[in-house]
Amino acid sequence: QVQLVESGGGLVQPGGSLRLSCAASINIFSIAAMGWYRQAPGKQRDLVARITRGGNTNYADSVTGRFTISRDIAKNTLYLQMNSLKPEDTAVYYCNALYTSQDYWGQGTQVTVSS
């Protein structure tokens, strides 16, 4: 079992920045891959960014160059630094962990980009 708790969401103006955090209940180096997904109202949940145990990362085309995924293994925490935010980034952001071939999800944190 893996428990994931997100934080850091909120309301920000276009062009602003936010950093999301995801605290895991286990040593994240034991997790095969972790990622951030987002879901806007009426839309499916989509991958935003992902990092593997080995440190390889990949991003959705829509966030490449603006978002950065990282982790602090000592703190068992995953991060998503979001810069140059746009209104279309508005969504609930979910932390995901792939552990022992099972997907685990956090409760989600709302990010709203609006003036």
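Kindly sort Tyr59, Tyr104 by accessible area of their heavy atoms, largest first, with the probe set to 1.4 Å. All intermediate terms of the calculation are to be shown ahead of the outcome.
Details: Tyr59 65, Tyr104 30 Å².
The most accessible residue leads, giving Tyr59, Tyr104.
Got a sec? What order do Arg66, Arg50 fall in by accessible area at 1.4 Å, biggest, i.e. largest, first?
Greatest to least solvent exposure: Arg50, Arg66.
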For Thr64, the accessible surface traced by a 1.4 Å probe with all protein chains present amounts, in square angstrom to the nearest 10, to 90
For the pair Ser101 and Phe29, how long in nm is the line joining their label points, each one 7 Å along Cα→Cβ? 2.6
How much area per residue is accessible in the chain when the probe is 1.4 Å and only protein heavy atoms are counted (Å²)? 52
Project the alpha carbons of the stretch 16-62 onto their principal axes and report the range along each, largest first, in whole Å. 34, 24, 21
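Roll a 1.4 angstrom probe over the protein heavy atoms and tell me the percent of accessible area of the stretch 7-48 that is carbon or sulfur. Walk me through the numbers on the way to the answer.
Working: 1080 of 2140 Å².
The computed percentage sits at 51.
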Can you give the accessible area of Val111, probe radius 1.4 Å, in Å² rounded to 10? 0
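The values are calculated or read from the model by the stated rules, or taken from the named source; none is laboratory data. All of these numbers come straight from a predicted model, not from anything done at the bench. Neighbour counts are summed over all protein chains in view; Cβ atoms, including those assigned to glycine, are modelled from backbone coordinates with ideal geometry. Note: areas computed on protein heavy atoms with side chains; ligands, DNA, RNA excluded. Shrake-Rupley method; radii C 1.70, N 1.55, O 1.52, S 1.80 Å.
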